[in-house]
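Visitor: Let me begin by handing over the structure; questions about it come next.
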Protein chains: 2
Amino acid sequence: MCAYKELTTSQRTIMTPGPVEAEPSVLRMMGSPILGQFDPEFTNIMNETMEMLRKLFQTSNHWAFPIDGTSRAGIEAVLCSIIEPGDRVLVPIYGRFGHLLTEIAERYGADVITMETRWGSVFEPQDVIAEIERVQPKIVAMVHGETSTGCVQPLKEIGEACRRMDVLFVVDAVASIGGTEVKVDDWYIDACIGGTQKCLSVPSGMAPITFNSRVEALLLQRKKIERGLADPSTPKSAQTRTIRSNYFDLSQLMDYWGPARLNHHTEATTMLYALREGVRIALTEGLAARFARHRLHEQALVAGVLAMGLQLYGDPACKLPVVTCIKIPEGLDGESVRAMLLEDFHIEIASSFGPLKGTIWRIGTMGYSCRKKNILHVLGALEAVLIRHGARVHAGRAVQAALDIYHS
Amino acid sequence: MCAYKELTTSQRTIMTPGPVEAEPSVLRMMGSPILGQFDPEFTNIMNETMEMLRKLFQTSNHWAFPIDGTSRAGIEAVLCSIIEPGDRVLVPIYGRFGHLLTEIAERYGADVITMETRWGSVFEPQDVIAEIERVQPKIVAMVHGETSTGCVQPLKEIGEACRRMDVLFVVDAVASIGGTEVKVDDWYIDACIGGTQKCLSVPSGMAPITFNSRVEALLLQRKKIERGLADPSTPKSAQTRTIRSNYFDLSQLMDYWGPARLNHHTEATTMLYALREGVRIALTEGLAARFARHRLHEQALVAGVLAMGLQLYGDPACKLPVVTCIKIPEGLDGESVRAMLLEDFHIEIASSFGPLKGTIWRIGTMGYSCRKKNILHVLGALEAVLIRHGARVHAGRAVQAALDIYHS
């Protein structure tokens, strides 16, 4: 017999940079009946999702579909499908997730050249362009919104330079997609990876990606039909540039998401329902209106945090609108504050990584979590918890400052 | 504005070898609120799921957790984490999914030696053992239940031989786990991969795996801490045997699923809720009772199919109880029959791959789809569709034969 009870989970106010609260209708859609992967009803959902993802990524690319895995699965799928051993890859790093790009590229045998700037700031595009000219890489891989530092990197000039020099430009937009502008075509991005559990308010477990015909041409050169699927009469593949991963092989995934519908994995049915609904909600709200909403609640949050007497971390000129980083006041145990927020107020905020561990808190304003009720709740609770910890704050001012923004 | 409507999906009777209908309570659990990945409530769910998976795999292994991807993600995670370039891997193949093991192992640089037997049969364990003795591989990788042919391979003697010769034994139990006996410890399996969307009736998108201390020891030799997480004062890793994939790096996943809770991916929250519930239902039913239920409905299905005048494909001695393969009568268009079943009766059955394409149908009896109502429905509908296609069948006998089984 089984002693395990049915699952019950608390209703948290999740103000981290992801995973955030899911859209209620996304959760409802996940209760929909399963369809077989080659059922015409299901392949129609696949096609519709591709159409919607193109709009989300603001691209006319044909290829836009999810990888069945979490965000880093999307990043690895793109990098491992285009990187061949010895390829030169330039990774400009300004936070943790730049290191992740490096880590993945190195594992697939790339000759990775990194450049770093101070965490809490971003690169001057001209500096990156100068390095591209010097290094002459095949690929430039960059993070758009760094959740670890709350910074956003301007990409258009870098993208233009890459296109001019025939360099592939790969962008990790996991944190920014659906929350702030990501213009794949306008910014000359060749392959872009988005996230579900952040500004789209879909549970973690899928990674929408898009790539253009420049990337497709490269993939077709590396293509190999899977054993056990190939017609027995076909001569054995002489492919020598095979993509290392089978699961992440974008050249095979094109045949699964394209009209050939060649069996690869079994598409994650329910997660696809969820993604379709999350993107549908984003497009129904309208991207411009959605980005403005994210900006409004960020302003209210920032006004409240400053009115309380706390200081922001990072260069304000490059602040990512969907993540706000706050310096932990000296002498205060940041983890104790986070624990009390969770236990007493059912609010989750985040700490950070590596060199920033213990020095900043990070508050997300993403997707469905990004709403007035949550902003006012987190400001009131943070003030109360800080007072309880003996910190000096301007009591009563934070919520008022946020209300001022909402009422102005 | 967005022209896309809310999702609606039909309620199908899914009698393929996966994905099958999800357990209703699994779908309900997927509507549960999101928890943060380091929320103690969530890490408790992770730990509980590990405990339950150990019972499902019938193992005392410490490590039992899901990979966030579909079944082949689990296979690739295991293979890429233990295979180093040049390692000799023996893959005995008796259907499509043996070819997949070969494909993945080759991509990660293994020196793969295959042996094949006729599709529709399995190996004599002694033949495999003789080949292991001859080849002296580091790893033997085999499929337990081949959905492509509906055959199940006895594993215990092969496992014993592997252990004796200090060979790692990796088993793909994607199709069999939760539907028929899979005894990881008794059969000396070192690493085993299960599937969610088949006999567990959880949507596709996660792959539960387990591995023992023999595998763990190898993983620890290849371990590398991720850049951006390592303490800046730690000297740079001198690891030269790094696992190629970051996403599938089991040595890192141990630190995510273990007490260190080192950030890797963001766990697929809702899919984990679903997996926990699916495994909970399996354990509550009881594995022995569950396997007996699968066997009962298989018998009813087979009785019906034979009474109709159709013939089974494959050696009955090694028939996989959760998949029944039927020869398509000569002159009949198998795809037209499948299409009519879907369109008129909302029933899905499967075709097959490679050399079997167009020659057999495959009917699954898996998980929640494996119930009396479905068996009677599919038999009645298949008979009607065959008559409609002008095939000669013994009208009226199939459902009666199944009822005989149920009433005996």
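Rule-based calculations on the coordinates, nothing more; no lab input. Because the structure is predicted, anything quoted here is derived from the model rather than measured. Every residue, glycine among them, receives a Cβ derived from its backbone with ideal geometry; neighbour counts consider all protein chains shown.
Visitor: Provide Rg and Dmax in Å for the protein assembly as shown, with only Cα atoms included in the calculation.
Guide: Final numbers for Rg and Dmax: 26.8, 87 Å.
Visitor: In addition: Two-decimal Rg/Rh of segment A:287-407 from alpha-carbon positions, Kirkwood Rh?
Guide: 0.94
Visitor: Note down the magnitude of the dipole of segment B:213-345 about its Cα centre, charges +1 on Lys and Arg C-beta and -1 on Asp and Glu C-beta and zero elsewhere, to the nearest 20 debye.
Guide: Taking the Cα centre of segment B:213-345 as origin, the dipole is about 840 debye.
Visitor: Another question, then. Could you list, bin by bin from short to long, the percent of Cα-Cα pairs of segment B:14-77 in 10 Å steps?
Guide: Reading the bins upward from 0: 17, 37, 42, 5.
Visitor: Would you mind checking the tilt of helix A:334-345 against the longest principal axis of the Cα atoms of chain A, expressed as 0 to 90 degrees and rounded to 10?
Guide: It works out to around 80 degrees.
Visitor: For chain A, what is one quarter of the convex hull surface built on the Cα atoms, given in nm²?
Guide: Answer in nm², one decimal: 22.9.
Visitor: Calculate, axis by axis, the spread of Cα positions in segment A:177-218 along the three principal axes, and write the results as whole Å, longest axis first.
Guide: 32, 21, 7
Visitor: Right, another one. Along the charge dipole of chain B, pointing to its positive end and built from +1/-1 on Cβ of Lys, Arg, Asp and Glu, which listed residue (B:T147, B:V215, B:V89) has its Cα farthest out?
Guide: Looking along the dipole axis, the top candidate is B:T147.
Visitor: Give the value in nm², to one decimal: projected area of the alpha carbon convex hull of segment B:197-349, averaged over all directions.
Guide: That works out to 14.9 nm², a quarter of the Cα hull's surface.
Visitor: Counting only trypsin sites (Lys or Arg not before Pro) that sit in a DSSP loop (anything but H, G, I, E, B) with at most 12 other Cβ atoms within 10 Å, what is the longest stretch of chain B containing none of them?
Guide: Counting at most 12 other Cβ atoms within 10 Å as exposed, the longest clean stretch of chain B is B:242-391.
Visitor: Helix-derived [θ] at 222 nm for chain B: sum -39500 (n - 2.57) over DSSP H runs of at least 4, divide by residue count, nearest 500?
Guide: -12500 deg cm²/dmol
Visitor: Let me ask something additional. Can you list the copy-to-copy distances for A:T359, using a point 7 angstrom from Cα toward Cβ, in nanometres, shortest first?
Guide: Those separations, rounded to one decimal, come out as 6.7 nm.
Visitor: Rounded to the nearest 20 Debye, what is the dipole magnitude of segment B:23-283 about its Cα centre when Lys and Arg each give +1 and Asp and Glu each give -1 at the C-beta?
Guide: Charge dipole, segment B:23-283, about its Cα centre: 340 debye, nearest 20.
Visitor: Take the alpha-carbon positions of segment A:135-266, form their convex hull, and give its projected area averaged over all directions (one quarter of the hull surface) in nm².
Guide: Mean orientational projected area (segment A:135-266, Cα hull): 10.1 nm².
Visitor: With charges set only on the Cβ (+1 for Lys and Arg, -1 for Asp and Glu), what does the dipole of segment A:354-408 come to about its Cα centre, in debye to the nearest 20?
Guide: So the dipole magnitude of segment A:354-408 works out to roughly 140 debye.
Visitor: Picking from B:V112, B:G258, B:L53, whose Cα lies most toward the positive end of the charge dipole for segment B:23-283 (charges on Cβ: Lys, Arg +1; Asp, Glu -1)?
Guide: Sorting the options by dipole projection puts first B:G258.
Visitor: Next question, about the same structure. Can you list the residues, at least 5 places off or on another chain, whose amide H is less than 5 Å from the amide H of A:D111, using H built in the peptide plane?
Guide: Amide H neighbours of A:D111: A:G86, A:D87, A:R88, A:V89.
Visitor: A further question follows. Near A:T9, within a Cβ-to-Cβ distance under 15 Å, what is the net charge of the other residues, with Lys and Arg +1 and Asp and Glu -1?
Guide: -3
Visitor: Tell me the distances, shortest first, between B:N47 and the same position across the other copies, using label points 7 Å along Cα→Cβ, in nm to one decimal.
Guide: Going from nearest to farthest copy, the values are 5.0 nm.
Visitor: Round to a whole angstrom and tell me the spacing of the C-alpha centers of segment A:330-408 and segment A:2-21.
Guide: Distance between centres, Cα-based: 20 Å.
Visitor: On to the next question. D for segment B:59-206, whole µm²/s, Stokes-Einstein with Kirkwood Rh over alpha-carbon pairs at 20 °C and 1.002 mPa s: what number?
Guide: The diffusion coefficient I find is 142 µm²/s.
Visitor: Can I ask one more? Using the alpha carbons of segment B:136-203, what is the convex hull volume per residue in cubic angstrom, as a whole number?
Guide: Taking only Cα atoms, segment B:136-203 has a hull volume of 84 Å³ per residue.
Visitor: Among A:G159, B:C162, A:A395, which residue has its Cα furthest toward the positive end of the charge dipole of the protein assembly as shown, with +1 on Lys/Arg Cβ and -1 on Asp/Glu Cβ?
Guide: Comparing the listed Cα positions along the dipole, A:A395 ranks first.
Visitor: Defining the label point at 7 Å along Cα→Cβ, can you sort the distances from B:Q136 to the same site in each other copy, shortest first, in nm?
Guide: Taking the point 7 Å beyond Cα along Cα→Cβ, the inter-copy spacings are 4.7 nm.
Visitor: Where in segment B:257-358 are there GluC sites (Glu not before Pro) that are in a DSSP coil and have at most 12 other Cβ atoms within 10 angstrom of their Cβ?
Guide: B:E330
Visitor: Sum up the charges of everything whose Cβ sits under 9 Å from the Cβ of B:G178, counting Lys and Arg as +1 and Asp and Glu as -1, but leave B:G178 out.
Guide: Around B:G178, the charge tally is +2.
Visitor: State log₁₀ I(q)/I(0) for segment B:1-42 at q = 0.20, 0.22, 0.27 Å⁻¹ as given by the Debye formula over alpha-carbon point scatterers of equal weight, solvent excluded.
Guide: So the normalised log intensities are -0.87, -0.90, -1.00.
Visitor: Per residue of A:60-69, what is the mean number of Cβ atoms on other protein chains within 10 angstrom of that residue's Cβ?
Guide: 2
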